[in-house]
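Participant: I am attaching a structure below and will ask some questions about it afterwards.
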Amino acid sequence: MDKVYNHSEYEEKIYKKWESSGAFSPIVNKKKKPFTIIMPPPNANDPLHIGHARFVAIEDILARYHRMQGEPTLWLPGTDHAGIETQYVFEKKLREKGKSRFDYDRDTLYKMIWDYVQQNSDTSISQMKRLGASADWSRLKFTLDPDIVKVIYGTFKKLYDEGLIYRGERIVNYCTRCGTSFSELEVNHVERDDELYYLDYGTLTIATTRPEPIFADVAVAVHPKDKRYKHLIGKKAIIPIINREIPIITDAVVDPSYGAGAVKVSPGHDKVDFEIAQRHKLPILKAIDVDGRMINVPEKYAGLYVNQAREAVVADLTETGLIKKTEKIHHTIGVCYRDKSVIEPMVSKQWFLEVKPLTKAALAAVKTRRVRITSQKFEKIAVHWLKNLKDWNISRQIVWGIRIPAWRCEKCLNWEITSGLEPLECTKCGHTKLTQDKDTFDTWFSSGQWPFATLQTTKKGDFDYFYPTSVMNTAYDILPFWVIKMVMLGLYATGEVPFKEILFHGLVRDREGQKISKSKGNVINPIKMAEKYGADALRMGIVWGALVDNDISLSEDNIRGQRNFANKLWNIARFVLSNETKIRNSKHEIRTRPRVTNLDDKWILAELKKSQKKITKLLDKYRLNEAAEELYNFIWKKFADSYLEKTKSRREDAQAVLEYVLYCSLVIAHPFMPFVTEAIYQETGKDGLLINAPWIN
RNA sequence: GGACGUGUAGCUCAGUCGGUUAGAGCACUGCGUUUACAUCGCAGGUGUCGGGGGUUCGAGUCCCUCCACGUCCACCA
């Protein structure tokens with residue numbers, strides 16, 4: 001054995017040994033309770049960042065621990081097509097070449113993105129392997145695998161047949177640059193300074209920050225109790241420039257104390273206005289098209305972009321004296337979470353999922369602990385979401401995704417929903433020309449079905465045996481996007497919860513507690529860290545010091561310290577095993593607990609037992625940080641600094657105990673530091689692999 | 001505006017049911033070590049547990065209040 005543990009010499013070889021031994025694939029045994037984790041699939045085209053390393057560390061510790069406990073353990077890996085995310089990245093690449101998605105037809109674009117993702121899809125997988133992930137790669141799934149898509153279609157059809165899918169003209173968050181609508185959750189709100197314009201509407205003055213869509217106004221609204229306007233209710237106001245009359249109505253959302261206490265209602269281009277229009281059954285007019293240009297407006301504005309139109313309208317209103325005054329205001333506006341451009345609320349035909357029946361069931365499951373959220377604070381957040389979730393717009397105007405299996409009859413405009421196959425004829429009128437909707441599903445609609453979609457399409461019997469899965473572990477920031485959707489759709493499609501427990505983990509921040517982002521330049525590349533200090537050190541560094549629930553500040557110092565710990569363990573082994581020739585020829589079995597009379601021997605064996613029990617208990621409670629600390633403390637302080645030093649004067653006598661304690665240390669350390677422990681185990685000359693060793697309870 | 005958190009050593013964080021002298025790692029200081037490891041050992045000690053009030057025999061822990069900070073959500077045009 002070398003003087004220092006050189007991880008780069010061992011890690012790759014050891015991983016190959018594990019993989020080829022089949023240790024990652026569970027052996028189904030109906031008599032035993034399985035342990036199952038479905039991996040949150042990373043984006044297929046992205047390299048791993050430090051956040052991925054956190055879930056790899058956590059889930060691999062759990063998988064290895066339960067595997068050693070003798071449970072048939074399946075950690076099922078996958079990758080995600082990540083619709084908007086990936087298309088956005090790809091379009092950025094196109095832009096670098098001076099191209100855009102409009103230069104290609106749908107099928108070509110899809111194929112190009114497919115190829116691009118294929119090129120990169122091995123990266124994240126090999127990087128997870130680099131970190132020691134003991135996932136069953138023979139069951140790897142991709143969210144666009146045809147059999148997965150079939151499951152998604154089946155669920156959509158069931159939802160449609162049971163009346164939970166509807167197509168409605170609804171106001172959606174539309175990014176004119178991305179050319180797609182976004183869910184509420186994908187819109188960011190940023191603060192901005194703007195002008196508030198007071199416009200003369202003939203009978204009264206209204207205040208608005210957006211003068212350009214006044215052409216699509218259908219009413220002016222005031223608060224029902226506002227005395228200033230009481231005499232005007234039911235009368236008419238006049239839209240400037242075009243001089244069209246619109247009714248003056250009342251609605252409680254209007255804040256009498258803000259602005260003029262009177263607002264224009266443009267339901268085609270404002271969320272609040274849309275809701276007012278719904279309540280008052282007002283028509284919906286459009287003044288802005290999906291490309292962000294003006295339509296249905298006086299000729300001089302037609303075709304202008306929104307901000308150009310605003311300038312022009314303001315100039316004209318100023319000239320005619322119809323702007324009573326302007327005020328500076330500070331407010332928040334919605335921007336696209338991808339490219340930061342201003343979100344244009346727009347009326348558009350979209351597919352919606354009525355969520356109430358699903359959230360109701362999910363809420364009951366959470367409250368009765370059929371699905372147990374291991375942290376109280378996240379349970380509260382999940383409950384809050386389930387109570388307040390609005391109907392879910394599941395269609396996206398992008399090509400990179402699962403195309404919605406909806407065909408419209410060209411004759412009678414009836415929609416035919418199938419479970420994937422193109423319908424031959426319209427079931428209503430018999431017409432044979434039908435065209436498929438261009439939209440694709442929101443990525444979360446398909447990934448929300450991931451736990452059962454994967455298990456229904458891997459090996460025969462997998463679903464029956466492994467579902468519901470044991471625990472779902474993922475970062476808390478996707479609780480509303482993904483986790484509650486999995487509970488909702490899992491319950492709906494299978495009648496069972498998708499997982500019995502949810503273990504949320506926190507985000508990884510840098511040592512100053514800053515969120516890690518490329519623009520801040522504080523990214524910690526997990527692979528670089530693993531290359532420098534070893535995967536074991538990185539894993540320990542990640543679980544060390546903070547609860548799984550909480551955000552962690554990861555520093556290189558921390559990882560270096562754990563590298564030292566790995567080396568410590570290595571050198572303990574070097575000390576214990578170095579006497580092999582002299583002492584270790586008595587056919588002693590290192591896995592057997594020796595009988596002892598010496599007080600030091602008794603002490604270390606008792607401490608070992610205590611630590612084993614404690615670590616087992618802590619792992620069962622997902623208190624990985626405390627388990628890691630206990631491990632560190634036992635091996636370094638008790639075993640090395642204390643016991644091992646004392647044996648130096650009585651080596652032969654203590655050898656059996658040293659070997660046994662070393663072996664047990666390898667076992668309890670293995671989930672955390674799989675490589676160095678396996679490397680040492682191989683040095684003992686014993687058969688087999690440590691990964692398959694039984695846990696010592 | 002709403003929800004959920006956080007505040008403990010210089011730094012990053014634990015502290016479970018309210019119970020002994022509040023802990024760990026890193027950093028720091030001193031001493032030591034050729035033979036398992038300098039990726040080492042031994043020793044050292046730093047705390048108004050954010051402030052204030054309350055409950056209690058007893059509070060870092062429970063309650064109230066204030067302050068500071070964070071995250072998510074949101075409909076003030």
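Participant: For every other residue with a beta carbon closer than 12 angstrom to the beta carbon of A:Ile214, add +1 if it is Lys or Arg and -1 if Asp or Glu, then tell me the sum. Don't jump to the answer; show the numbers that get you there.
Facilitator: Details: positive: A:Arg210, A:Arg244, A:Lys264, A:Arg310; negative: A:Asp200, A:Glu212, A:Asp217, A:Asp270, A:Asp273, A:Asp316.
That sum, taken over residues with Cβ under 12 Å, equals -2.
Participant: Additional query: For region A:249-340, what is the charge dipole size about the Cα centre, in debye to the nearest 20, if Lys and Arg each add +1 at the Cβ and Asp and Glu each add -1 at the Cβ? Kindly include the intermediate steps, with their values, before the conclusion.
Facilitator: Details: 13 positive and 13 negative charges, 22 e Å.
With only Lys, Arg, Asp and Glu charged at Cβ, the dipole is about 100 debye.
Participant: Over the alpha-carbon set of region A:185-279, divide Rg by the Kirkwood Rh and report the Rg/Rh ratio to two decimals.
Facilitator: Values: Rg = 13.2 Å, Rh = 13.7 Å.
Result for region A:185-279 is an Rg/Rh of 0.96.
Participant: Let me ask something else about it. Around A:Met472, which amide H atoms from residues at least 5 apart in sequence, or from another chain, sit under 5 Å from its own amide H, with H modelled in the peptide plane?
Facilitator: Sorted by chain and number, the residues that satisfy this are A:Glu501, A:Ile502, A:Leu503.
Participant: In Å, what is the Rg of the alpha-carbon atoms in region A:533-579, and how long is Dmax?
Facilitator: 13.1, 45
Participant: Something else: How high is the relative contact order of chain A? Use alpha-carbon pairs under 8 Å, at least six apart in sequence, and give a whole percent.
Facilitator: Values: 1235 pairs, mean separation 113.2, N = 697.
So the answer I get is 16 percent.
Participant: Using amide H atoms built 1.01 Å from N in the peptide plane, name the residues 5+ places from A:Glu416, or on other chains, whose amide H lies under 5 Å from its own.
Facilitator: Answer set, sorted by chain and number: A:Trp407, A:Arg408, A:Cys409.
Participant: In terms of modelled amide H atoms, which long-range or inter-chain residues lie less than 5 Å from the amide H of A:Val508?
Facilitator: A:Ile552
Participant: Using r as the Cβ-Cβ distance of A:Lys324 and A:Gln376, and R0 as 51 Å, what FRET efficiency do you calculate, to the nearest 0.05?
Facilitator: Values: r = 53 Å, r/R0 = 1.04.
That pair, A:Lys324 with A:Gln376, gives E of 0.45.
Participant: Another question, then. How big, in percent, is the set of alpha carbon pairs in chain A lying more than 37 Å apart? Please list the in-between numbers first.
Facilitator: Values: 121801 of 242556 pairs.
Above the 37 Å cut-off, chain A has 50 percent of its Cα pairs.
Participant: Could you give the length gained on full extension between A:Arg279 and A:Leu507, defined as 0.36 nm per residue of separation minus the Cα-Cα distance, in nm? The partial results should precede the final answer.
Facilitator: On the way: separation 228, 0.36 × 228 = 82.08 nm, distance 4.19 nm.
Extra length from A:Arg279 to A:Leu507 when fully extended: 77.9 nm.
Participant: Which order, highest average first, do A:423-436, A:32-45 follow once you tally other Cβ atoms within 10 Å for each residue and take the mean per peptide? Write out the running numbers ahead of the final one.
Facilitator: Values: A:423-436: 13.4, A:32-45: 22.1.
Those peptides, ordered most packed to least, come out A:32-45, A:423-436.
Participant: Hey, what do the phi angles of region A:376-392 turn into as Karplus ³J(HN,Hα) couplings, whole Hz, using 6.51/-1.76/1.60 and θ = phi - 60°, x for Gly and Pro?
Facilitator: Using θ = phi - 60°, the values come out as 4, 5, 6, 5, 4, 5, 5, 5, 4, 5, 5, 7, 10, 5, 8, 3, 9 Hz.
Participant: With each label point set 7 Å from Cα along the Cα-Cβ vector, what nm distance links A:Lys390 and A:Leu599?
Facilitator: That separation, rounded to one decimal, is 7.4 nm.
Participant: May I ask for the net charge around A:Pro41, where only other residues with Cβ less than 9 Å from the Cβ of A:Pro41 are counted and Lys, Arg are +1 while Asp, Glu are -1?
Facilitator: Working: positive: A:Lys141; negative: A:Asp80.
With Lys, Arg at +1 and Asp, Glu at -1, the net is 0.
Participant: Something else now. Just add up the charged neighbours of A:Val399: K/R +1, D/E -1, any other residue whose Cβ is under 9 Å from the Cβ of A:Val399.
Facilitator: +3
Participant: Taking just the C-alpha trace of region A:611-668, give me its Rg and Dmax in Å.
Facilitator: So, for region A:611-668, Rg and Dmax equal 12.9, 40 Å respectively.
Participant: Right, here's the next one. Where a ≥ b ≥ c are the square roots of the eigenvalues of the C-alpha gyration tensor, would you call region A:585-634 rounded, which needs a/c under 1.5, or, failing that, prolate if a/b is larger than b/c, or oblate? It would help to have the intermediate numbers written out before the result.
Facilitator: On the way: a/c = 3.02, a/b = 2.09, b/c = 1.45.
Prolate, because a/c is 1.5 or more and a/b exceeds b/c.
Participant: Still on this structure, I have one more. Rounded, prolate or oblate, given the Cα gyration tensor of region A:79-152, with a/c below 1.5 counting as rounded? Don't skip to the end; give the middle numbers.
Facilitator: Values: a/c = 3.19, a/b = 1.62, b/c = 1.97.
Because a/c hits 1.5 or more and a/b fails to exceed b/c, region A:79-152 counts as oblate.
Participant: Using per-residue counts of other Cβ atoms within 10 Å, averaged over each peptide, order A:689-696, A:498-505 from highest down.
Facilitator: On the way: A:689-696: 17.5, A:498-505: 23.1.
Those peptides, ordered most packed to least, come out A:498-505, A:689-696.
Participant: Using 0.36 nm times the number of residues separating A:Ile333 and A:Asp653, minus their current alpha carbon distance, what extension gain do you get?
Facilitator: Working: separation 320, 0.36 × 320 = 115.20 nm, distance 7.55 nm.
Net length gain for the segment: 107.6 nm.
Participant: Moving to a separate point now. If I stretch the segment between A:Gln118 and A:Asp477 completely, what's the gain in nm (0.36 nm per residue apart, minus their alpha carbon distance), one decimal? Intermediate values should be presented prior to the final figure.
Facilitator: Values: separation 359, 0.36 × 359 = 129.24 nm, distance 2.72 nm.
126.5 nm is the gain from fully extending A:Gln118 to A:Asp477.
Participant: If you don't mind, another one. Tell me which lysines have Cα within less than 26 Å of A:Lys230's Cα, excluding those fewer than 8 residues away on the same chain?
Facilitator: List returned: A:Lys264, A:Lys271, A:Lys281, A:Lys324, A:Lys325.
Participant: Check the straight Cα-Cα distances from A:Lys614 and name the lysines below 18 Å, setting aside those fewer than 8 residues away within the same chain.
Facilitator: Partners within reach: A:Lys637, A:Lys638.
Participant: Accessible area per residue for chain A in Å², computed with a 1.4 Å probe and the full protein assembly in place, what is it?
Facilitator: Values: 30660 Å² over 697 residues.
Ligands and nucleic acids excluded, the figure is 44 Å² per residue.
Participant: What FRET efficiency would be calculated for the residue pair A:Asp289, A:Thr427, taking the C-beta separation as r and a Förster radius of 30 Å, to the nearest 0.05? Walk me through the intermediate numbers first.
Facilitator: Working: r = 34 Å, r/R0 = 1.12.
So, using R0 = 30 Å, E works out to roughly 0.35.
Participant: Pop out the carbon and sulfur fraction of the accessible area of region A:86-163 as a percent, whole number, probe 1.4 Å.
Facilitator: On the way: 1970 of 3890 Å².
In region A:86-163, the share of accessible area belonging to carbon and sulfur is 51 percent.
Participant: Could you tell me the distance between the Cα centroids of region A:159-177 and region A:390-433, to the nearest Å?
Facilitator: So the two Cα centres are separated by 13 Å.
Participant: Any idea how far apart A:Glu169 and A:Lys356 come out in nm if each label point goes 7 Å out from Cα toward Cβ?
Facilitator: 2.3 nm
The values are calculated or read from the model by the stated rules, or taken from the named source; none is laboratory data. Quick caveat, the model's predicted, so the values are computed rather than measured. When we count neighbours, we look across all protein chains shown, and the Cβ atoms used for this are built from the backbone with ideal geometry, even at glycine. Protein only, heavy atoms only, side chains kept; ligands, DNA and RNA dropped before computing areas. Shrake-Rupley method; radii C 1.70, N 1.55, O 1.52, S 1.80 Å.
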